[in-house]
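Working notes for the structure below.
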Amino acid sequence: MNQRSLRMTWLVARRELLQRGRTRIFAVSTIILLVAVALGVALPAILSRGAKPERVGVVGGSPATLAVIVKEAGRLADVQVTVVPEPDVATAKAALRSGDLGAVLVNGVEVLVKQVPIGGASSSGGTLPGALAQLAGLSRLFDQVPAAAAAAANGIALPVHGLIAPSGTLANRLTGLFTVVLVWVMISVYGSQIALGIGEEKSSRVVEVLLASVRPAQLLTGKVLGIGLLALAQAAAMVFAFVVAGFAAGSSLVHGAAIGIVLIGGVFVVVGYAFYCTAFAAAGSLVSRQSDVNSTIMPVQLPLIIAYALSYTVLYANGANAFYHVLGFLPPTAPVAMPVLYAAGDVPLWQVVVSALLCAAGTVWMARIAARIYTRSILRTGARVPLKQVLRRDLAQA
Amino acid sequence: MTTAELEFDGLRRTFGTVTALDGLTFAVPAGQVFGFLGPNGAGKTTTMRAIFGVASLDAGQIRWRGEPVAEQARQRFGYMPEERGLYPSMKLLEQIEYFAMLHDMPAAAARKAATHWLRRLGLGDREDARVDALSHGNQQRAQLAAALVHDPELLVLDEPFAGLDPGGVDDMSAILADRARAGVTVLFSSHQLDLVEDICEAVAIIHHGRLVVSGLVADLQRGERPRLAVRVGGDPGGDWAAAMPAQLGEIETVRAGTVLFALSPGADSQQILDIARAAGTVEHFSFEARRLSEVFRHATGASVGQAEAEHAAAARAAGAPEAGGRTTAGVTR
């Protein structure tokens, strides 16, 4: 590239930056995204910190013993508890209905809650009523079977050992989900903007005036560069908001592996955008009316949509299947699939690097095909240009 | 005629089975308003696009001041395409400034030139308006501003008079004449041959991608056989002309009692006057300019309208879109 070529490309990119960056929709969408990221990170931490202690009513039995059981259940369920002695069951039930009490332990033999959650109270071991029911049951067992207490002292549960190390935690998986949603949204939103922008240049015919002084390659490069810089700025602002909000709220997300997932997501926004931007440009150049753009970019978006839809099966299962592993290395699906695999703890970091490099290499290949399509169809007016025609050299002359 | 600045040499281009340019050759002199005329489908737009490399050529060469047109020279050209186009949502001043910068003008100079041309074209109070908020006439002026803003040495306008009202035609022709006086070579195309014959000094008329005639408008209107119009009183049929010897010229037509002769080269018009006076009172005797459409018909044997219909039929037969929805595959540089 000579100096003039660089200048032309930059002028085109600069126009995109100025025209798009100044619009109200860009400002509003950036603010909404940043607020959403900050809330998504900070809200759970703030809510758990400010949580009130759970009030548990106690009726009958030995208040001291029952208080110990309630406190222990609170510890197991990771909830602060307050023991509230109640005179009788009727009063306790009224307090339960009014929401004053979270649960009531009756005579050490029964646990009352306002509504039993779907799946049963005791099956949900992590909840306060569940823990309460198990501990109270255990206490009653010790009362009735004296030998049981001795057995329990030696431990009643059998040890559980896994064959492989535990994969990503729930927090990491949720961060992974959040990350791929952003990767997917960024690539499709900004990709659509490229296609719509090129559709606008073609349908308004301004492209012929432009091409009288700018080469098609410069126009194409400048366009994806300008829109890409905007996307990059927005993605960087979101990662920044994630880190700042996380530290400010004391979220566990920024300390563990989650920050790595977010950074890898950032890398794949860049690589994925680079891979897809020229494809969106080529799709935009095929139409002659802006309203047709949506139907031509659908096939371009399809690989990402598939990878995104399948990502839920990986994030909610223990271990991705071989097919999803393959998607993680194919350039069209890697930008979404690889951060998912990494978040789920299914791939080591070096595989992420290999996938990113493959995607970057695919970018070159995609750019060459897309530039050819773009150059051949950008000045063709009339009906939508058939893809087959612009790809075949001999027919393209017709 | 001054020396040629812009030369078209043997241009050839086919789109499938349709031949757009078939060895087109002509030259445009410096500092003139030059009309590039012919029926729709004759190959004018393809030729103009080829100047800017927007359409590729199968063969032939376009030269500017003796050198094949290259990117650097194109920066000094201004172009108004047949399909007008500006960014609809961009503000007028920013847009014109942008086009100036794309022609290598520094930012400050671009802003100054854009302001100057918008004021000059009567759009000074619309600088901050979006282009799609402008009236049709103002959009046309904005398009012209985009072609003029970088003070080009060559101005190429494809059908600049299409869709203009008579006032708009006068404004446009005044601007073109003004640019030519400023030393700019102005090349514009039109399929309305008679509309523009008073606007340009010289023309090239093409048909089927080939040159039909080119030269000064005055010379073409006169032709090799100048037209003499003679009317004799009391002879509405022009019957007196039957007595005229064939070597003097031939009768083209009789129009409301006026006989139009195509004078033979070297023939003496006074001999015809003598014959007319012998027949009766001569009420009218003058040389008459031919319309450019007549020049076209005389040279091709078809009227402009017939030629356009014929082209449209050929394009349909070839499966290509008709004029207005034409295709230009391949941008080559």
Of the criteria (1) facing chain A (nearest Cβ under 9 Å); (2) in contact (Cβ under 8 Å) with a residue 12 or more places away in the chain, which one B:N138 fails: (1)
I need the full set of residues from the range B:44-89 which are at the interface with chain A (Cβ under 7 Å from one of its Cβ atoms) and of a type outside the set (A, V, I, L, M), in order please. B:F52, B:R74, B:Q75, B:Y79, B:P81, B:E83, B:R84, B:G85, B:Y87, B:P88
Restrict the check to the range A:203-215 and report whether at least one residue is over 29 Å from the mean Cα position of the chain (by Cα), more than 9 Å from chain B (Cβ to nearest Cβ), assigned to a helix (DSSP H, G or I) and at pLDDT 90 or above. no
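Here is a yes/no grid of residues against (1) at pLDDT below 85; (2) more than 14 Å from chain B (Cβ to nearest Cβ); (3) within 20 Å of the chain's Cα centre (by Cα):
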position	(1), (2), (3)
A:H325	no, yes, yes
A:A334	no, yes, yes
A:L341	no, yes, yes
A:A360	no, yes, no
A:W365	no, yes, no
A:T381	yes, no, no
A:V385	yes, no, no
Checking the conditions here, which among A:G125, A:G168, A:G130 is touching a Ser or Thr at 6+ places or on another chain (Cβ under 6 Å), under 30 Å from A:A344 (Cβ atoms) and modelled with pLDDT under 80? A:G130
Restrict the check to the range B:194-201 and report whether at least one residue is more than 26 Å from B:P29 (Cβ to Cβ) and crowded, with 21+ Cβ neighbours inside 10 Å. no
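Residues are listed down the side, and each one gets a yes or a no for (1) among the aromatic types (F, W, Y); (2) modelled with pLDDT under 90; (3) surrounded by 20 or more Cβ atoms within 10 Å (Cβ to Cβ); (4) touching a Phe, Trp or Tyr at 6+ places or on another chain (Cβ under 7 Å):
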{"position": "B:A177", "(1), (2), (3), (4)": "no, no, no, no"}
{"position": "B:L211", "(1), (2), (3), (4)": "no, no, no, yes"}
{"position": "B:Q221", "(1), (2), (3), (4)": "no, yes, no, no"}
{"position": "B:P226", "(1), (2), (3), (4)": "no, yes, no, yes"}
Would you call A:Q351 within 14 Å of chain B (Cβ to nearest Cβ) and either touching a strand residue (DSSP E or B) at 6+ places or on another chain (Cβ under 9 Å) or modelled with pLDDT of 90 or more (or both)? no
Taking the range B:141-170, which residues are of a type outside the set (A, V, I, L, M, F, W, C), in contact with a helix residue (DSSP H, G or I) (Cβ under 7 Å, 6 or more places away or on another chain) and outside any loop (DSSP other than H, G, I, E, B)? B:G168
Could you say whether any residue in the range A:176-192 is modelled with pLDDT of 90 or more, within 14 Å of chain B (Cβ to nearest Cβ) and part of a helix (DSSP H, G or I)? no
Apart from one, (1) under 22 Å from the mean Cα position of the chain (by Cα); (2) buried (at least 20 other Cβ atoms within 10 Å of the Cβ) all hold for A:I259; the odd one out is (2)
Residue ID - nearest to A:T127 (Cα to Cα), chosen from residues in the range A:61-80 that are at pLDDT below 80, of a type in the set (G, A, S) and surrounded by 16 or more Cβ atoms within 10 Å (Cβ to Cβ): A:A77
Filter result (in contact (Cβ under 8 Å) with a residue 40 or more places away in the chain, more than 9 Å from chain A (Cβ to nearest Cβ) and closer than 24 Å to B:E159 by Cβ) within the range B:96-120: B:I96, B:A100
So, of the residues in the range A:329-357 that are aliphatic (A, V, I, L, M) and not in a helix (DSSP H, G or I), which turns out to be surrounded by the fewest Cβ atoms within 10 Å (Cβ to Cβ)? A:L330
For the range A:1-54, give me each residue that is of a type in the set (S, T, Y), at pLDDT 80 or above and surrounded by fewer than 16 Cβ atoms within 10 Å (Cβ to Cβ). A:S5, A:T23, A:S29
Every pair of residues 6+ apart whose Cβ atoms lie under 8 Å, when the first sits in the range A:61-76 and is of a type in the set (D, E, K, R) while the second is outside any helix (DSSP H, G or I): A:K71/A:V81; A:K71/A:V83
Checked A:P146, A:P87 against criteria (modelled with pLDDT under 75 and over 36 Å from the mean Cα position of the chain (by Cα)); the one match is A:P146
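The values are calculated or read from the model by the stated rules, or taken from the named source; none is laboratory data. All values reported here derive from a predicted model rather than from experimental measurement. Cβ sites come from the backbone with ideal geometry, for glycine too, and all protein chains shown count toward neighbours.
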